[in-house]
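The values are calculated or read from the model by the stated rules, or taken from the named source; none is laboratory data. These figures come from a predicted structure and were not determined experimentally. Neighbour counts are summed over all protein chains in view; Cβ atoms, including those assigned to glycine, are modelled from backbone coordinates with ideal geometry. Please note that ligands, DNA and RNA were not included when accessible areas were found on the heavy atoms of the full protein model with its side chains. Shrake-Rupley method; radii C 1.70, N 1.55, O 1.52, S 1.80 Å.
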Amino acid sequence: MTRHLKLACAFALAVALATAAWFPLSGHRVSAQGAQAAQLMPRGDVKINGNPAAGSMAVASGSRITTGKTGYAILSIANVGQFYMGDNSEIVVNFLADRVRIELVAGILRCIKSSGSLVQVFSTRCTHIDVIKGNVAMFGGPEASAPTIETIGEAQARDYPENAYIRFDSTGMDDFRCAVFDCAVSASPALPVIPPVAPVIGANPGVLATVVAAGVIGGIIPIITTGQDDAPVSPVRP
């Protein structure tokens, strides 16, 4: 009887240790898939923090993403939406407790929101914005107390041809594009016509691949080829 009791206690202890070891891992997985879980899908010449981006990969807060002449990328942020970068573009993305904050350093970025989470896109360069759906508020200062300068509504566009801080806040299921341009130019460059784009739900690589394929067929995202010197076609696009 004593031998059987010892075996039973040893088995119970092993089960307890295995359970204790499993729970932290399980909690880590849940945390990693939380509200700010982000995934990058690069195509062509794309770098993250100066390193080539290959395949679908996780994106940490503070990451700098750049696309080259033959590159574009889709950044999918769980419970927030999708962000489409055009060629020759650069962003720095930060995941804060109450918002996603993106600096548009160069090029063009399209934001397609899938929730009412707060997204802030800002730049210190001359900036263009056009709103496809929803309403986006424009602020002229980084501080939280900065007053709203104006609200850009659906089907409206604005150019801000001054080299100064400018920020756009989205708090709804909005669809809008931001582009920065050379301040020496009096107006922003012409952006491609925007065909309909179905938002990507979640950060599933298979879903992202399906959307990319549909985008290529619909002219939203160009087919990237190598070994050619033809002028690249910006995706939208953004």
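What to note about this one:
- Annotation: the antiparallel percentage among DSSP beta bridges lying fully within segment 33-184 is about 95.
- Heavy-atom surface analysis with a 1.4 Å probe gives segment 33-184 a carbon and sulfur content of 49 percent of its accessible area.
- Where segment 33-184 is the region considered: accessible area per residue in Å², 1.4 Å probe: 39
- Tail weight of P(r) past 23 Å, computed on alpha-carbon pairs of segment 33-184, percent: 32
- Charge dipole (debye, nearest 20) of segment 33-184; +1 at Cβ of Lys and Arg, -1 at Cβ of Asp and Glu: 420
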